[in-house]
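Report on the following structure.
The values are calculated or read from the model by the stated rules, or taken from the named source; none is laboratory data. Keep in mind it's a predicted model, so treat the numbers as computed, not measured. Backbone-built Cβ (ideal geometry, glycine too); neighbour counts: all protein chains shown. The area values use the complete protein model at the heavy-atom level, side chains included, leaving out ligands, DNA and RNA. Shrake-Rupley method; radii C 1.70, N 1.55, O 1.52, S 1.80 Å.
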Amino acid sequence: MLKLEEIPDPKPGPGELLVRIRAAGVNPVDAYMHTGTYARKPPLPYTPGQDGAGEIEAIGADVTGFKAGDRVYISGTGHTVAGAGTYAERAICTPSQLHRLPANASFGQGAALGVPYCTAYRALFQRTAAKPGETVLVHGATGGVGIAAVELAHSRGLTVIGSGGTDKGLAAVKAHGADIVVNHRAPNYTEDIMRATGGRGVNLIVEMAAHVNLDRDLGLLAKWGRIVVVGNRGRVEIDARQAMGRDAAILGMTLFNVADVEFVEIHAALIAGLENGTLSPLVGREFPLAEAMRAHEAVMEPGALGKTVLVP
């Protein structure tokens with residue numbers, strides 16, 4: 001059951017901060033957890049939400065480096081503090097969950113950073129070691145992680161091919177830095193990708209739907225290519241010979257495995273990208289907090305564009 005409730009305003013304890021939430025990010029993992037079938041089950045009752053943005057309202061004892069009124073984005077509340085997620089007017093956070101939100105970024109954009117941009121950075125630069133001059137296919141580039149991967153890869157000097165299923169989505173992908181866009185609903189889209197690479201194939205693929213695309217992806221790789229699986233909703237059969245002939249690698253990832261020192265690297269890069277304008281998160285849809293259930297449905301629909309956010 002997912003419902004709106006009124007509860008007393010939380011108060012920060014030692015080592016905690018109270019954030020006034022101006023926008024909360026909605027991610028597929030929130031919807032998975034809501035079903036009760038996800039591998040990670042928080043103690044009930046709990047407030048959903050790992051991403052958000054707002055202003056610091058109060059600071060507990062033993063907290064340094066922040067002051068009331070600071071604009072911040074939240075990444076990974078993880079329900080570690082009294083079941084407090086971001087689907088709320090106020091949330092209790094620890095200092096490690098808060099990051100400075102530059103003045104040129106909106107609260108909605110701040111709420112789009114945590115899971116999508118951390119995932120995209122992790123996939124590109126910590127798992128597949130993407131390098132300037134390489135070509136990356138972002139397979140499913142119109143969603144929150146997809147747009148993030150396009151922007152991050154473009155900012156690092158990679159050639160970016162982005163796939164999507166609608167003209168509107170492809171236009172957004174192009175506007176956010178893709179060099180080439182292809183409609184993955186077209187029957188011959190793989191030929192378009194191979195043609196765009198002169199028949200060599202792509203160096204790496206960021207894959208959002210491995211259960212649909214993984215076997216086909218192997219045929220799109222250049223020698224020594226890498227695929228990083230960001231999203232998957234079922235079993236898949238592959239022809240392993242395609243990987244063998246290319247010395248290819250299939251890599252998995254989840255943010256639950258990221259070390260603290262790796263998160264320091266990620267957030268330093270994200271803040272710098274916001275400040276210098278190379279990153280500009282796309283907020284696709286906004287819902288009022290009371291419509292969180294509808295937002296969960298929307299984030300799981302095919303062709304989602306950018307980040308879905310809730311506004312208290």
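Observations on the structure shown:
- Pair list, Cβ under 9 Å, 6 or more apart: region 81-96 residue surrounded by fewer than 19 Cβ atoms within 10 Å (Cβ to Cβ), other residue at pLDDT below 90 and β-branched (Val, Ile, Thr): 94/77; 94/80; 94/81
- Hey, residue 61 open to solvent by 50 Å² or more (accessible area, probe 1.4 Å), over 20 Å from residue 294 (Cα atoms), within 25 Å of the chain's Cα centre (by Cα) and aliphatic (A, V, I, L, M) or not: no
- Strands (runs of 3 or more DSSP E) wholly inside region 96-193 that include at least 3 residues being within 21 Å of residue 258 (Cβ to Cβ): 98-100
- Contacts under 6 angstrom Cβ, first residue in region 101-114 being of a type outside the set (Val, Ile, Thr) and modelled with pLDDT of 95 or more, partner in a helix (DSSP H, G or I) and open to solvent by 30 Å² or more (accessible area, probe 1.4 Å), 6 or more apart: 102/275
- Selection from region 200-212 of residues that are assigned to a loop (DSSP other than H, G, I, E, B) and either surrounded by fewer than 18 Cβ atoms within 10 Å (Cβ to Cβ) or among the hydroxyl-bearing types (Ser, Thr, Tyr) (or both): 200
- Within region 1-80, strands (runs of 3 or more DSSP E) holding 2 or more residues that are within 30 Å of residue 300 (Cα to Cα), at pLDDT 90 or above and of a type in the set (Gly, Ala, Ser): 17-26, 51-59
- Beta carbons closer than 9 Å, at least 6 apart along the sequence or on distinct chains, pair a first residue in region 222-251 that is within 14 Å of residue 200 (Cα to Cα) with a second that is open to solvent by 60 Å² or more (accessible area, probe 1.4 Å) and in a loop (DSSP other than H, G, I, E, B) for 222/200; 223/200; 223/247; 224/247; 225/247.
- In the set (1) in contact with a helix residue (DSSP H, G or I) (Cβ under 7 Å, 6 or more places away or on another chain); (2) free of Cβ contacts under 8 Å to residues at least 60 places away in the same chain, residue 58 fails one condition alone, (1).
- Residue match in region 140-148 (condition: within 19 Å of residue 19 (Cα to Cα), of a type in the set (Ser, Thr, Tyr) and open to solvent by 10 Å² or more (accessible area, probe 1.4 Å)): no
- Residues that are open to solvent by 20 Å² or more (accessible area, probe 1.4 Å) and in contact (Cβ under 8 Å) with a residue 60 or more places away in the chain, drawn from region 166-189: 166, 168, 176
- Residues being more than 17 Å from residue 53 (Cβ to Cβ) and over 17 Å from the mean Cα position of the chain (by Cα) - total across region 273-296: 6
- Residues of region 1-47 that turn out to be under 30 Å from residue 232 (Cα atoms), open to solvent by less than 30 Å² (accessible area, probe 1.4 Å) and touching a strand residue (DSSP E or B) at 6+ places or on another chain (Cβ under 8 Å), as a count: 5
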